[in-house]
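Read the structure below first, then the notes.
The values are calculated or read from the model by the stated rules, or taken from the named source; none is laboratory data. This is a predicted model, so every value here is computed, not measured. In this analysis, Cβ positions are derived from the backbone assuming ideal geometry, glycine residues included, and neighbour counts consider all displayed protein chains.
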Amino acid sequence: MSNSMKAVIALLVLCFAGAAILLFRSSAQDHGGALVGGPFQLVDQNGQTRTDKDFLGKPTLVFFGYTHCPDVCPTTLSQLTEVFHALGPDAKIAGAFITVDPERDTPALMKDYLSSFDPRIVGLSGPRPAIDAAIRAYRVYAKKVPGQNGEYTMDHTALVYLMDKNGRFVSAFNLDRPPAEAAAELRKYL
């Protein structure tokens with residue numbers, strides 16, 4: 001293949017990619033700009049129905065996980081707790097811990113599990129179809145991985161999503177830094 005043919009193919013690929021990006025952005029703007037997140041109706045650790053509207057008016061850090069998670073979930077929730085403590089008790093911020101394992105994560109179990117973390121972190125569970133809708137809205141990967149004797153784990157996305165006061169996705173939030181540094185970034189959204 002000649003160099004000029006390679007150049008033409010490269011140009012076509014770039015044009016196609018650019019058009020796809022513009023179309024994707026335009027489509028997102030036509031639908032309110034939200035590429036991540038959206039409406040949900042779940043049940044919190046106290047058995048109360050909670051929707052995405054309950055988190056409006058304050059930035060929210062959203063994390064998908066499950067209570068039987070051996071490492072990533074408790075570590076992430078501990079990091080969130082440290083950041084919330086660095087912000088202080090009066091900071092208007094919320095955390096949402098949405099289970100990817102509603103078959104085991106009942107509101108009572110979520111309440112017990114979350115008692116070790118900052119009380120501003122709300123545990124959310126619900127029927128599988130409602131959880132699956134939230135998983136799709138946030139573009140989360142979650143898959144059951146069978147183990148021995150009927151046990152299982154869940155592979156899942158380990159991102160923390162920063163949503164602004166209006167419920168719009170800002171970015172994935174980096175917790176792998178000193179809590180005071182993460183808190184300083186969050187103060188921009190309070």
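Some points to look at:
- Some residue of segment 68-75 being in the same structural domain as ASP155 (by TED's automatic domain parsing), closer than 22 Å to ASP112 by Cα, under 15 Å from the mean Cα position of the chain (by Cα) and hydrophobic (A, V, I, L, M, F, W, C): yes
- A residue that is within 23 Å of ARG139 (Cα to Cα) and modelled with pLDDT of 95 or more cannot be found anywhere in segment 19-26.
- Within segment 137-151, restricting attention to residues that are surrounded by 15 or more Cβ atoms within 10 Å (Cβ to Cβ) and either of a type in the set (Ser, Thr, Tyr) or touching a strand residue (DSSP E or B) at 6+ places or on another chain (Cβ under 8 Å) (or both), the residue that is farthest from GLN41 (Cα to Cα) is ALA142.
- Considering only residues in segment 29-38 that are surrounded by 14 or more Cβ atoms within 10 Å (Cβ to Cβ) and not hydrophobic (A, V, I, L, M, F, W, C), the one that is modelled with the lowest pLDDT turns out to be GLY38.
- Failed item, numbered, when VAL36 is tested on (1) in contact with a Phe, Trp or Tyr (Cβ under 7 Å, 6 or more places away or on another chain); (2) not in a loop (DSSP other than H, G, I, E, B): (2)
- Lone qualifier among ALA94, ALA86 - being out of contact with any Lys or Arg (no Cβ under 9 Å at 6 or more places or on another chain), of a type in the set (Gly, Ala, Ser), in contact (Cβ under 8 Å) with a residue 24 or more places away in the chain and closer than 21 Å to ASP164 by Cα: ALA86
- Across segment 39-84, the qualifying residues are those that are under 15 Å from PRO127 (Cα atoms) and aliphatic (A, V, I, L, M), and the one among them that is surrounded by the most Cβ atoms within 10 Å (Cβ to Cβ) is LEU42.
- Looking at ASP105, ASP112, just one residue is buried (at least 19 other Cβ atoms within 10 Å of the Cβ), of a type in the set (Asp, Glu) and under 21 Å from THR75 (Cβ atoms), and that residue is ASP105.
- Being of a type outside the set (Gly, Ala, Ser) and under 22 Å from LYS58 (Cβ atoms) is a property that PRO102 lacks.
- One residue from ALA94, ALA134 being within 23 Å of PRO39 (Cβ to Cβ) and surrounded by fewer than 22 Cβ atoms within 10 Å (Cβ to Cβ): ALA94
- Test result for VAL62, in contact (Cβ under 8 Å) with a residue 24 or more places away in the chain and under 13 Å from the mean Cα position of the chain (by Cα): yes
- Of the strands (runs of 3 or more DSSP E) entirely within segment 53-157, those holding at least 2 residues that are more than 19 Å from ALA172 (Cβ to Cβ) occupy 121-125, 142-146, 152-156.
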